[in-house]
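Participant: Input: one structure, supplied below.
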6 protein chains.
Amino acid sequence: MRILYVRPVANSREAREMEAILRRAARKDTAVSVTSLPPDRPRHLEYHAYEAIAVADIVRIVRASRDHHDAVVLGGFYDMGLRAAREISGSAIVTAPCESSTAIARALGQRFSILVGRRKWIPKMTDLVRGYGHGNAMASMRAIGLGVEAIRAEPELAHARLRDEARRAIEDDGAEVVILGCTAKYGFHEELTRELGAPVIDSMIAALKYAEMLAGTWSPSRLGGSEPPPEEEIASWGLFRP
Amino acid sequence: MRILYVRPVANSREAREMEAILRRAARKDTAVSVTSLPPDRPRHLEYHAYEAIAVADIVRIVRASRDHHDAVVLGGFYDMGLRAAREISGSAIVTAPCESSTAIARALGQRFSILVGRRKWIPKMTDLVRGYGHGNAMASMRAIGLGVEAIRAEPELAHARLRDEARRAIEDDGAEVVILGCTAKYGFHEELTRELGAPVIDSMIAALKYAEMLAGTWSPSRLGGSEPPPEEEIASWGLFRP
Amino acid sequence: MRILYVRPVANSREAREMEAILRRAARKDTAVSVTSLPPDRPRHLEYHAYEAIAVADIVRIVRASRDHHDAVVLGGFYDMGLRAAREISGSAIVTAPCESSTAIARALGQRFSILVGRRKWIPKMTDLVRGYGHGNAMASMRAIGLGVEAIRAEPELAHARLRDEARRAIEDDGAEVVILGCTAKYGFHEELTRELGAPVIDSMIAALKYAEMLAGTWSPSRLGGSEPPPEEEIASWGLFRP
Amino acid sequence: MRILYVRPVANSREAREMEAILRRAARKDTAVSVTSLPPDRPRHLEYHAYEAIAVADIVRIVRASRDHHDAVVLGGFYDMGLRAAREISGSAIVTAPCESSTAIARALGQRFSILVGRRKWIPKMTDLVRGYGHGNAMASMRAIGLGVEAIRAEPELAHARLRDEARRAIEDDGAEVVILGCTAKYGFHEELTRELGAPVIDSMIAALKYAEMLAGTWSPSRLGGSEPPPEEEIASWGLFRP
Amino acid sequence: MRILYVRPVANSREAREMEAILRRAARKDTAVSVTSLPPDRPRHLEYHAYEAIAVADIVRIVRASRDHHDAVVLGGFYDMGLRAAREISGSAIVTAPCESSTAIARALGQRFSILVGRRKWIPKMTDLVRGYGHGNAMASMRAIGLGVEAIRAEPELAHARLRDEARRAIEDDGAEVVILGCTAKYGFHEELTRELGAPVIDSMIAALKYAEMLAGTWSPSRLGGSEPPPEEEIASWGLFRP
Amino acid sequence: MRILYVRPVANSREAREMEAILRRAARKDTAVSVTSLPPDRPRHLEYHAYEAIAVADIVRIVRASRDHHDAVVLGGFYDMGLRAAREISGSAIVTAPCESSTAIARALGQRFSILVGRRKWIPKMTDLVRGYGHGNAMASMRAIGLGVEAIRAEPELAHARLRDEARRAIEDDGAEVVILGCTAKYGFHEELTRELGAPVIDSMIAALKYAEMLAGTWSPSRLGGSEPPPEEEIASWGLFRP
């Protein structure tokens, strides 16, 4: 199975680390490759305006790669562009972190909490979780008070805060499962799983495993709201012309 | 009051007609101008993938024009890019058709129906209306079975079908107010209002009036989820460099 | 545009102050007048039983004034009598504070909080906000622990507590916009807006601006649940006989 | 146990029939009396404006009779004035038809339908049922196309239509229980129960039985939102002065 | 009226105390008997797996006793087996504590809180309350940190904690009514009612009174989802063979 | 990976066919075995009372087999016993058809419909889907008017009706994905997928693939509501003694 992971940010050395994480998590018969956006794109998607800039690239990448992959995994916990990418993915499956990790969390326990970077992210992400139908199963969403750049700059601080907030989510909010809604280093979710004695879901891995599950057995619907744009229109308007 | 209306599609002769409609609906002290996207952009946004292509332009336009306008009105009934545009609009108000027209409909009657072009549009638009909190006030969403191009090509057919579906919404679904979720010719909503004896809301005009209401009295929040991206970051990454 | 503001309480010297506040907030071409209830009516509506006593007056006033006004604004944050007043308002628009201010708050930010007087008010007001569809957008409702009389008697104490609770709503609850669900002195919301760096909505002004927006462009529906009582029945029963 | 049934309309000969129906349904140790509003009040409450006129009377009656009754049952399927009446009822229980009959219906089957007079009633009544938390258990609300006066004038026609709509509710909408949301003659609900082979709930009887259940064992809360207005304030304002 | 109370746990000396409590709460013309499960069954139902073991017994008891009773009351706050017991109860009414006590609480005040034993119980019980439609009326669910065995072993400690949590529910969470979702000694809810000045509902008594209300007047639906299994099938499969 | 599929009905020759279907759908490295209940148990679970009889067996099987399997898949579209089985499964994953197939359907399209046997099943199943958070994504639930025995007796008739209702779900209700909520013959869902041009999900296969996805990467939570019963208690009460 060939899976493409789309990092929705400008290329950087983190791409490599992500690839290693995903390959380790993938099944043996899965070939994962990672792609990033052009260098003049945002380096993180902490702001809605940055997402708006990145989303056309996501759609272009999905369309260009759909014939060569069984599934495309979109990175970035906001699942930005998911509906659009699914529309245009042909027979390739498309998955994304928030949808996948919340569905998985519900199967591992009765209440989950999501840890995010800054409070800035909470309203949109909460709306997203509610839109997926999981508002009642979410015990809480907690911010560690660090943006993406800060997390990269001080990973130990980030991990310490993730640990703290995860504990509070369990003890104060009744979480039985914890979802990491922001990046952490290779293997951190396993470390935290052991420490807390509770499942900790790395949302990127969740999206990968969800893609593996779906791609082998089902294809996307192309009816109703899932109807793709007509190829002639795309061609005559030159929408994806390089 | 200076209001910019952003047509989220490639420039075309419809821009003129839209400008005429909006100017007629605006207050005397409102100056409305209309802008469109570059010519290689989609000519309609019937597909989620097309929206994804257009949304970066919307954000760019809002950012570029925010200092010269009191409000920006986004066209296109899906309200695409609204959250992102609001984030980056500085002190300018941003409004959009679906949010504005559903809020207004609730103040004119207890149940409303929305008429859209094709069934393709229904799932996403329904999710949008529910997200705004109006799922219980929506009597129905009905499609006239015509896409944007078909509506432009055969306006009389489109109007006939809008009439039919509006009547069914009122008689079968219990609608007290009808929202036009797709374009119609200049003055059509007034004609239909008279015929049906029920308020018919042109969603573009709703967004314009909503903008006029807000812009004179309030400014957008810049806290929490409404925090804008830092200007230094935008500059150093060159995100909006022309 | 002629707008009537109905204070749903016995006449008092506060009527004058309210008139001044509203006139300042109104557009130049709007003529606002304020009316109150007869002197033997409740002086505030802190109790549901008081509202029940006042609501027939509201309906009578709306019916009597509908032909001479483009819109009627109902005072009192519970929006009492709104459905009934709308039914009988003829072609006049009717608006009310809670509906208007919550709709406006959603357009200014992603989460709002409402400040009320006493905890007594919270259950009914929360049900009202949910009924309007904004339960998910409400970050919190906070009481300042002062009834209407206490607020009038000690305005400085009331303002200090509004300040405190507004800050907590922003810092602890994630509010991006604050709605004043109880009376404050002339200009206080602007003062608080500056202090907090966040939009603070005076709910009476919100209802006024909402009325201005609607009245110029739309008329109420008279279909379905918005069908008015037959004039012959009203006449033969003598319901509104003076 | 002494129970007062408040007909929220002007006195008429129907009061007698109602009394007979209620007495037959009451337990042996229950004494039911029926009171109506003054003669210049509406004769039915088909319009929201009529309710607004009646609701102050309801509150006055509840307050005046609370010391002499264990429970007060409010008539009229909209449950108008319920919150206010409960606030001011002292230690007397207050019940109302819609709340009682929907709660009972859920205990008799998994889905219920409500039959009402005219389509006019549907939006408000639907909002009420949702507010009570039973939106998901309601299979449908169906109107028989007859107002209160027409039902009184042509009871046989009304019964025929109730029969038809009840059948459709069961066969088309999946109702397992039917609630009569409008008046019918003495014993009709039992007749219909036999014909349909399904429980048919007369909503007035439901409110009576609910009152009997509650009044013997519990008293209303007087905390939080259920705090009553202070007697000194009522006295000094002369609110209930005869 | 003959009512059977089914303790969904292995027989024990608590059965006697429960019988005394229920007889005192019942009407004079109600004959209450209590039955328990066989001795090798769980002694409490704190775990979902224990419930699963007990539920077949509940169904067997309901089926066996339905012809000799007007109503069956299921014990255990989770209402386990309620849907199944109702399906097979013939013309006997079936009630259960959580459904009954939440419905009653809503009629006594605008917000209620539920006190339970351990945090373990919260997710399932919360889902149950939401399923009944009362999620919005529930101010909070609070655990006293004691399991069933601990409550039995140290009743004074349990009562002290129930007192504390009830007070917090009222003061911090806005509860107007308190529901005891776990067993307490004879008469404790009345004691607590007096202390708190708020209605405290013993959920078993609530289920009993609900049964008395329903059984005299209505019978369960046997349509749609309430259709019972065919007797021939039960006989030929030998499902309830002793 | 070792996966146990629990048929929640008395053993029969259908077990074999199910095993064949599951083995074909499983990954190469998955070993699937199928177990059924003792012969005196119900042969189908069309009634809630039958489920109540079967659920203790499910829990016993899960407990007995948890150490020898990576995952247990519960059959029967009602997901009966899922919460209890998950509680007691140790480190084994437990999945069930309705939860798995609705989650998967949402990833393949924006709206799904579920086809069930008889109308009897609709209320409970609808409540289940809503409980999982997918009420808004469900376009409809449609019954083919055949019970389990009838489907087995006349498979061709069943398939014809499934075809018809699937088509109606797509054309009339807006379904983009169809879930088979009742058994069909080997390979039928693939046949129907081709015919309809839309994904058709066999819910048993969905539960299997969900189990494969989860079992390799995560373990169930054992905190909060997912805390298992203490082994000493189980032993001392003799709950699972053979």
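Participant: What list of ³J(HN,Hα) couplings, whole Hz, do you get for the range D:78-85 from phi and the Karplus terms 6.51, -1.76, 1.60, once you set θ to phi - 60° and write x for glycine and proline?
Facilitator: After applying 6.51 cos²θ - 1.76 cosθ + 1.60, I find 6, 6, 5, x, 4, 4, 5, 5 Hz.
Participant: If I require 24 Å or longer along the helix axis, counting alpha carbons, and a Kyte-Doolittle average no lower than 0.0, what helices from chain B are left? Use full DSSP H segments.
Facilitator: Helices meeting the criterion: B:48-65.
Participant: Go ahead and set up a Gaussian network model of chain A, Cα springs under 10 Å, then flag whichever of A:Gly224, A:Gly147, A:Gly187 fluctuates most.
Facilitator: A:Gly224
Participant: Counting each DSSP H run of 4 or more residues in chain A as -39500 (n - 2.57), what helix-only mean residue ellipticity at 222 nm follows after dividing by all residues, to the nearest 500 deg cm²/dmol?
Facilitator: -14000 deg cm²/dmol
Participant: Take D:Met1 and B:Ser12, extend 7 Å from each Cα along the Cα→Cβ direction, and tell me the distance between the two endpoints in nm.
Facilitator: 6.9
Participant: Going by amide H atoms built from the backbone, whose H comes under 5 Å of the H on F:Tyr5, apart from near neighbours?
Facilitator: HN-HN under 5 Å from F:Tyr5: F:Ser33, F:Val34, F:Thr35, F:Val73.
Participant: Once amide H atoms are built 1.01 Å from N in the peptide plane, which residues 5 or more positions from B:Ala139, or in another chain, come under 5 Å H to H?
Facilitator: Those qualifying (amide H under 5 Å, at least 5 residues apart or on another chain) are B:Phe112, B:Ser113.
Participant: Ok, one more. Can you tell me, using C-alpha contacts under 8 Å and at least 6 residues apart, the relative contact order of chain A as a whole percent?
Facilitator: 22
Participant: Please turn the phi angles of the range F:66-76 into ³J(HN,Hα) values with the Karplus equation 6.51 cos²θ - 1.76 cosθ + 1.60 (θ = phi - 60°), one per residue in order, whole Hz, x for glycine and proline.
Facilitator: 3J(HN,Hα) across the range F:66-76, in whole Hz: 4, 7, 9, 9, 7, 7, 10, 10, 8, x, x.
Participant: Take the alpha carbon atoms of the range E:1-44, find their center, do the same for the range A:47-81, and report the distance between the two centers in whole angstrom.
Facilitator: If you average the Cα positions of each part, the centres end up 61 Å apart.
Participant: Just to be sure I understand the curve: with the Debye formula and one point per C-alpha of the range E:134-176, what is log10 I(q)/I(0) at q = 0.17, 0.26, 0.31, 0.32 Å⁻¹?
Facilitator: Debye curve over Cα of the range E:134-176, log10 I(q)/I(0) at q = 0.17, 0.26, 0.31, 0.32 Å⁻¹: -0.51, -0.85, -1.00, -1.03.
Participant: What does the charge add up to near B:Ala105, with Lys and Arg as +1, Asp and Glu as -1, over the other residues with Cβ less than 14 Å from its Cβ?
Facilitator: Residues near B:Ala105 contribute -1 overall.
Participant: Now a separate question. With Rg and the Kirkwood Rh both taken from Cα atoms, where does Rg over Rh land for the range B:68-155?
Facilitator: Rounded to two decimals, Rg over Rh is 1.01.
Participant: Which distances, shortest first and in nm, link F:Arg194 to the matching position in the other copies, using label points set 7 Å out along Cα to C-beta?
Facilitator: 5.1, 5.9, 5.9, 7.6, 7.9
Participant: Next up: Using only the alpha carbons, work out the radius of gyration and Dmax of the range C:1-71 in angstrom.
Facilitator: 12.7, 38
Participant: Between beta-carbons, use under 10 Å as the cut-off and find the net charge around B:Glu212, counting Lys and Arg +1, Asp and Glu -1.
Facilitator: +1
Participant: Then there is this: Within 10 Å of each Cβ of C:228-235, how many other protein chain Cβ atoms are there on average?
Facilitator: Across the residues of C:228-235, the mean count of other-chain Cβ atoms within 10 Å is 3.
Participant: Report the semi-axes of the equivalent ellipsoid for the protein assembly as shown in whole Å, largest first, where each axis is √(5λ) for an eigenvalue λ of the Cα gyration tensor.
Facilitator: Working through the eigenvalues yields semi-axes of 44, 44, 31 Å.
Participant: OK, next. Report, as a whole number in µm² per second, the diffusion coefficient that Stokes-Einstein gives for the range F:78-123 at 25 °C and 0.890 mPa s using the Kirkwood radius over alpha carbon pairs.
Facilitator: Answer from the Stokes-Einstein relation: 196 µm²/s.
Participant: Next question. Mind jotting down the three principal axis lengths of the range E:98-203 based on Cα atoms? Whole angstrom, largest first.
Facilitator: So the extents along the principal axes, rounded to whole Å, are 35, 29, 24.
Participant: In the structure shown, do any of A:Lys28/A:Lys185; D:Lys120/D:Lys209; B:Lys209/C:Lys120; B:Lys209/D:Lys120 have a Cα-Cα gap over 32 Å, and if so which?
Facilitator: B:Lys209/C:Lys120
Participant: If I take the Cα coordinates of the range C:96-142 and project them onto the principal axes, what are the three extents in Å, biggest first?
Facilitator: Taking max minus min along each principal axis of the Cα atoms, the range C:96-142 gives 28, 17, 17 Å.
Participant: Could you give me D for the range F:156-220, from Stokes-Einstein at 20 °C and 1.002 mPa s, where the hydrodynamic radius is the Kirkwood radius over C-alpha pairs? Units µm² s⁻¹, please.
Facilitator: 166
Participant: Starting from a Cα-only point model with no solvent, please compute log10 I(q)/I(0) by Debye for chain C at q = 0.10, 0.11, 0.12, 0.14 1/Å.
Facilitator: Those come out to -0.45, -0.55, -0.66, -0.90, one per q.
Participant: Go through the range A:109-117 residue by residue and turn each phi into a ³J(HN,Hα) via Karplus (6.51, -1.76, 1.60, θ = phi - 60°); whole Hz please, and just put x for glycine and proline.
Facilitator: x, 8, 9, 10, 10, 10, 9, 10, x
Participant: On to the next question. Scan chain E for the residue whose Cβ is closest to the axis carrying it onto chain B, then write down that distance in whole angstrom.
Facilitator: Closest Cβ on chain E to the axis mapping it onto B, in Å: E:Asn136, 7.
Participant: Summing +1 for each Lys or Arg and -1 for each Asp or Glu, what net charge is found among the other residues whose Cβ lies under 13 Å from the Cβ of F:Pro8?
Facilitator: Neighbour charge sum, excluding F:Pro8 itself: -1.
Participant: What average count of beta carbons from other chains do you get within 10 Å of the Cβ of residues in A:124-137?
Facilitator: If you average over the peptide's residues, the count of other-chain Cβ atoms is 5.
Participant: Here's another thing I want to ask about it. In what sequence do D:Met213, C:Met18 fall when counting other Cβ within 10 Å, fewest first?
Facilitator: Ranking D:Met213, C:Met18 by Cβ neighbours within 10 Å, fewest first, gives C:Met18, D:Met213.
Participant: 7 Å from Cα along Cα→Cβ at both F:His68 and D:Tyr186: what's the point-to-point distance in nm?
Facilitator: My value for the distance between the label points is 7.2 nm.
We did not get these values from a lab; they are worked out from the coordinates using the rules stated. Quick caveat, the model's predicted, so the values are computed rather than measured. No Cβ is skipped: glycine too gets one built from the backbone with ideal geometry, and neighbour counts run over all protein chains shown.
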